[in-house]
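Taking it in order: structure first as structure tokens, then the write-up.
The values are calculated or read from the model by the stated rules, or taken from the named source; none is laboratory data. Just so we're clear, the structure is a prediction, and the values are computed from it rather than from any experiment. All Cβ positions, even for glycine, are placed from backbone atoms using ideal geometry, and neighbour counts span all protein chains on display.
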Amino acid sequence: MTSQGPLSGIRILDFTERMQGPYATQMLADMGADVIKVERRVSLTPDGRPDDRYGEKGLYGKDHEDSKTYSAGFLASNRNKRSITVDLKSPEGLAMIERLLPTVDVVYENFRPGVMERLGVGYERCAEFNSSVVYASATGYGPDGPYVKRPGQDVLVEGLTGWGRINGDATGRPVPVGTAIADTLGAMNGAFAVASALYHRALTGEGQHVHVNLFDSALAALAEWGLHFMNTKEGEPQRRPASHASPYTPPPYGFYKTGDGYIALSSGRQISQLSRILGIDDLSVDPRFSTYWPRFDNRELFSAIIEEALSHKTTAEWLALMEPEDIFAAPVNTFEEAFTDPQALHNEMIVELPTPIGPMKFFGVPYKLDKTPASVRTAPPLHGQHTDEVLREFGFTDAEIETLREQKAI
């Protein structure tokens, strides 16, 4: 399917693995860019496992033993891409990439600093072939600094940047976020930076080296809570109770247990209405809860009173009473409920694609452009699926492609 997205016509060489890089290039692919995923010649994952993008046996989702999260990690970040293989340590393989460079717009990589330079495809070298190239490097901690040689990985960065603390339980024990939050944020920042660099190039003709990393992305996303800590005397975040969403915000602001599940409540301006609906004394006039600081200091007691009242009806019953009065409330969904939620379906956030192993569900695009829409077009590619197709587009003859294969360059 041909894309009419805003980045249609942009060509990207994608030297990325795992998540921070691949998720970013997938975002750019969703927006219409032609993303050519440059993969290792031997079909292995970065840590040496057999390539299992659709399961080692091709039975992901169909057979329990062949349905590991490793497959989901690849599939969630590599749709709308084409895959070619190359041995960059081979002179012939490197020469092949150099032949591609003059007509690509973006090179995106997420290896540790120095790896691409040693392979001969660092920014300076690529700029010799294409001075207007936008070259993106996604790393763990940045191109230099005290942590430059450390392994950069989501959970490690969550630990370093305070995410574990702000997500901690009621005892103060740090708790990692249940998704790869640093990777996702790094990817989004990377895609935004590349799109901005492409705009600059459109105005000036000038390429540049773009840097993004997990550490900075996670740190910056602490946003209001991090700023509050740095500028007040409130001290380290404490989640009391653990269901309270923010360590610095008075309740109600979190998830509260009902008769059959949980409900999210998030507005301190509706306490009087909420008290009336729950059938309890008006907490907004109780001196323990009537203003910001008393309610903050007594948040565990406040939450206990709310939950005792909520225990007498189901989540659905409470929502039926709250929604007509525009109470800031929502169910706390399971994955099953979230992925079949009517708003998710209306927004086309769950889409089905044909894949080499049959139909599969993917997430849709979370941003909508009415003139140049992003789209989910093709399933994640098989290893090297498009090598011949792409090389022909770059002017390689069938004989040259066969020679590269004989030389084990592809």
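The single residue among Ser77, Ser83, Ser3 that is modelled with pLDDT of 95 or more, part of a loop (DSSP other than H, G, I, E, B), of a type in the set (Ser, Thr, Tyr) and more than 20 Å from Gln208 (Cβ to Cβ) turns out to be Ser77. Residues in region 267-317 that are crowded, with 18+ Cβ neighbours inside 10 Å and touching a residue at least 60 places away in the same chain (Cβ under 8 Å): Ser303 only. Scanning region 67-93 for residues that are surrounded by 17 or more Cβ atoms within 10 Å (Cβ to Cβ) and either farther than 21 Å from Gly21 by Cα or out of contact with any strand residue (DSSP E or B) (no Cβ under 9 Å at 6 or more places or on another chain) (or both) gives Tyr70, Ser71, Gly73, Phe74, Ser77, Gly93.
Just to be sure I understand, how many residues within region 169-194 are buried (at least 20 other Cβ atoms within 10 Å of the Cβ) and of a type outside the set (S, T, N, Q)?
Kept after step one, since they are buried (at least 20 other Cβ atoms within 10 Å of the Cβ), are these residues of region 169-194: 180-187, 189-191, 194.
Within this subset, residues satisfying the condition of being of a type outside the set (S, T, N, Q) are 180-183, 185-187, 190-191, 194.
Selection size over region 169-194: 10.
When you look at Ala379, is it surrounded by 16 or more Cβ atoms within 10 Å (Cβ to Cβ), in contact with a helix residue (DSSP H, G or I) (Cβ under 7 Å, 6 or more places away or on another chain) and not charged (D, E, K, R), yes or no? When the stated conditions are applied, Ala379 does not pass them.
With respect to Lys149, is the statement that it is of a type outside the set (Gly, Ala, Ser) and without any contact (Cβ under 8 Å) to a residue 12 or more places away in the chain true? So Lys149 does not fit the description; no. Within region 203-220, is there a residue that is of a type in the set (A, V, I, L, M), closer than 30 Å to Glu300 by Cβ and in contact with a helix residue (DSSP H, G or I) (Cβ under 6 Å, 6 or more places away or on another chain)? Yes, region 203-220 contains at least one residue that is of a type in the set (A, V, I, L, M), closer than 30 Å to Glu300 by Cβ and in contact with a helix residue (DSSP H, G or I) (Cβ under 6 Å, 6 or more places away or on another chain). Those strands (runs of 3 or more DSSP E) of region 324-398 in which 2 or more residues are within 26 Å of Asp66 (Cβ to Cβ), touching a residue at least 24 places away in the same chain (Cβ under 8 Å) and not acidic (Asp, Glu) occupy 350-353, 360-363. The residues listed here are Val104, Val121; of these, the one that is in the same structural domain as Leu214 (by TED's automatic domain parsing), surrounded by 17 or more Cβ atoms within 10 Å (Cβ to Cβ), over 22 Å from Phe192 (Cα atoms) and not hydroxyl-bearing (Ser, Thr, Tyr) is Val121.
Here is a yes/no grid of residues against (1) more than 19 Å from Ala245 (Cα to Cα); (2) out of contact with any strand residue (DSSP E or B) (no Cβ under 7 Å at 6 or more places or on another chain):
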{"site": "Phe289", "(1), (2)": "no, yes"}
{"site": "Glu300", "(1), (2)": "no, yes"}
{"site": "Ala320", "(1), (2)": "yes, yes"}
{"site": "Phe328", "(1), (2)": "no, no"}
{"site": "Gly358", "(1), (2)": "yes, yes"}
{"site": "Lys368", "(1), (2)": "yes, yes"}
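Okay, residues lined up against (1) of a type outside the set (D, E, K, R); (2) at pLDDT 95 or above; (3) assigned by TED's automatic domain parsing to the domain that holds Pro174:
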{"site": "Phe215", "(1), (2), (3)": "yes, yes, yes"}
{"site": "Gly254", "(1), (2), (3)": "yes, yes, no"}
{"site": "Tyr262", "(1), (2), (3)": "yes, yes, no"}
{"site": "Ile271", "(1), (2), (3)": "yes, yes, no"}
{"site": "Arg276", "(1), (2), (3)": "no, yes, no"}
{"site": "Asp286", "(1), (2), (3)": "no, yes, no"}
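Leu59 falls short of the stated requirement of being over 30 Å from Glu352 (Cβ atoms) and not in a strand (DSSP E or B).
From the list Ile327, Ile305, which residue is under 15 Å from Ile277 (Cα atoms), at pLDDT 95 or above and over 34 Å from the mean Cα position of the chain (by Cα)?
Numbers: Ile327 fails: over 34 Å from the mean Cα position of the chain (by Cα).
The conditions single out Ile305.
The single condition from (1) farther than 19 Å from Asp87 by Cα; (2) crowded, with 18+ Cβ neighbours inside 10 Å; (3) touching a Ser or Thr at 6+ places or on another chain (Cβ under 9 Å) that Thr372 fails is (2). Can you confirm whether His312 is modelled with pLDDT under 95 and outside any helix (DSSP H, G or I)? Here the answer is no, as His312 does not meet what is asked.
When only residues in region 153-168 that are within 16 Å of the chain's Cα centre (by Cα) and not hydrophobic (A, V, I, L, M, F, W, C) count, which is surrounded by the fewest Cβ atoms within 10 Å (Cβ to Cβ)? Applying the filter and picking the extreme gives Gln153. Glu117 satisfies every condition listed in (1) under 25 Å from Gly32 (Cα atoms); (2) free of Cβ contacts under 8 Å to residues at least 12 places away in the same chain; (3) of a type in the set (Asp, Glu) except (1).
Could you tell me whether region 323-341 includes any residue that is of a type in the set (Ser, Thr, Tyr), exposed (fewer than 12 other Cβ atoms within 10 Å of the Cβ) and over 30 Å from Gly364 (Cβ atoms)? First the steps, then the outcome.
From region 323-341, those of a type in the set (Ser, Thr, Tyr) are 334, 340; that's our starting set.
Now narrow it down to the ones that are exposed (fewer than 12 other Cβ atoms within 10 Å of the Cβ): 334.
Among the residues that remain, those that are also over 30 Å from Gly364 (Cβ atoms) are: none.
For region 323-341, residues of a type in the set (Ser, Thr, Tyr), exposed (fewer than 12 other Cβ atoms within 10 Å of the Cβ) and over 30 Å from Gly364 (Cβ atoms): absent.
Of all the residues in region 112-146, those that are farther than 14 Å from Ile97 by Cβ and part of a loop (DSSP other than H, G, I, E, B) number 12. Here Ser8 meets the list (1) part of a loop (DSSP other than H, G, I, E, B); (2) out of contact with any helix residue (DSSP H, G or I) (no Cβ under 6 Å at 6 or more places or on another chain); (3) free of Cβ contacts under 8 Å to residues at least 60 places away in the same chain almost entirely, failing just condition (3).
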